[in-house]
Amino acid sequence: MNDEFYMRRALELATMGRGNTNPNPMVGAVIVKEGRIIGEGYHERYGELHAERNALKNCIESPEGATVYVSLEPCCHHGKTPPCTDALIESGIGKVVVGMLDVNPIVAGNGVNILIDHGIEVVTGVLEDECRRLNRIFIKYITEKLPYVVMKYGMTADGKIATVTGESKWITGPSSRENVHRTRHSLMGIMVGIGTVIADDPMLDCRLPEGGKNPVRIICDSSLRTPMDSKIVKTATEIRTIIATVSTDESLIKEYESKGLEVVRTSGGDGKVNLKELMRILGEMGIDSILLEGGAQLNFSALNSRIVDEVHTYISPKIFGGDAKTPVGGKGIEKIDDAVMIKPFSITGFDDDIFVESEVRYSVHGDS
């Protein structure tokens, strides 16, 4: 067994915390002694023990002289929990293998230096790309203070999100829809436009067989048209809900607030919510990630504002034809060179559907 083998196991463990650690990273740790795994752990929930301390707690024998494999550099500061560097030093660990250095400025190499200063051998950069991919949300949020935005849509093989009559339930199969709820669980927020609320009256909650965490609901509603009898409003005291608007109607704002909704206001020279400004506000509110389940117009606006980091595309083996709606509307682009580029990094399947995860690249000219 080599370093990569044990680091892959650490990454597997890290994913078990998905959706429960935000805005902290997902981290896994494996302790190996004389070729045997003697302890494993992961960061299970925000505010609770980190991966290294859980792995030490779970050791079946003394970790003295052992090697710990951890997907992210051990922390060296007091936060919700004490520094993991202290625990590793006190345990007698002889070697630490790190997947990636922490991008948090209060750690950023300091954890590794402290371990080295205490005579512990340290190796860094093992499966670094995989470790960074796992925590791409954390990396963006901690370095830019902005939410990581995932745009999701399901479409037919000819790119339609509804029939010519507007029928859209269901384009994709049940396994695809369940995976969407897993994504809702893993991200902190879910955002739609007012058109979706009026047309579908959605709950925007997380419905998994084993249970899940509801995301914060964010409604882009420039002129405050969200119906007072909508599911969103009726359940605002149960699920945190934010309305983003440019309206200055204080009486209407107070009415929404009296029903448990939070109202945030952005500038809007064109009469619409400023999405870049909204991302800054949401980031300041501690929301590190958003699933964008908008309609065609909001999707175009989000891409045009360059707030989308990743695209989730579910492709169903159906063909609708005609002038039915497509996932991205708006005014569109005029020149091919201005296209938003996406780079797939994962292609999987759910029953007969194809699921593509792609990284967004905004410029083919290198000026993004």
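FYI, it's all coordinate maths here, none of it is from the lab. Small disclaimer: the values here were computed from a predicted structure and weren't measured. Counting neighbours? That spans all protein chains shown, and the Cβs are built from the backbone with ideal geometry, glycine included.
Here are some notes:
- Principal semi-axes in Å for the range 240-368 [√(5λ), Cα gyration tensor, largest first]: 31, 19, 16
- Restricting attention to the chain, close to 40% of DSSP beta bridges with both partner residues there are antiparallel.
- Mean-square fluctuations from a GNM of the chain, with a 10 angstrom spring cutoff on Cα atoms, peak among ASP117, ASP351, ASP129 at ASP117.
- Given +1 at the Cβ of Lys and Arg, -1 at the Cβ of Asp and Glu and no other charges, the dipole of the chain around its Cα centre is 680 debye to the nearest 20.
- For the range 1-139, size of Cβ-based charge dipole, Lys and Arg +1, Asp and Glu -1, in debye: 440 debye
- The ratio of the alpha-carbon radius of gyration of the chain to the globular-protein estimate 2.2 N^0.38 Å is 1.10.
- On Cα atoms only, tilt of 174-186 relative to the major axis of the chain in degrees: 60 degrees
- Among the GluC sites (Glu not before Pro) found in the range 1-35, those both in a DSSP coil and sparsely packed, with 14 or fewer other Cβ atoms within 10 Å of their Cβ, are GLU34.
- Amide H contacts of GLY294 (H built 1.01 Å from N, under 5 Å, at least 5 apart or other chain): LYS152
- Acute angle (nearest 10 degrees) that the helix 275-284 long axis makes with the longest principal axis of the chain, alpha-carbon atoms: 40 degrees
- Members of LYS57/LYS213; LYS169/LYS213; LYS33/LYS57; LYS140/LYS213; LYS234/LYS254 lying beyond 20 Å, as alpha-carbon distances in this model show: LYS57/LYS213; LYS169/LYS213; LYS140/LYS213
- Ranked packing of 5-11, 339-345, most packed first, by mean Cβ within 10 Å: 5-11, 339-345
- Overall form of the range 1-89 per C-alpha gyration tensor (a/c, 1.5; a/b vs b/c): oblate
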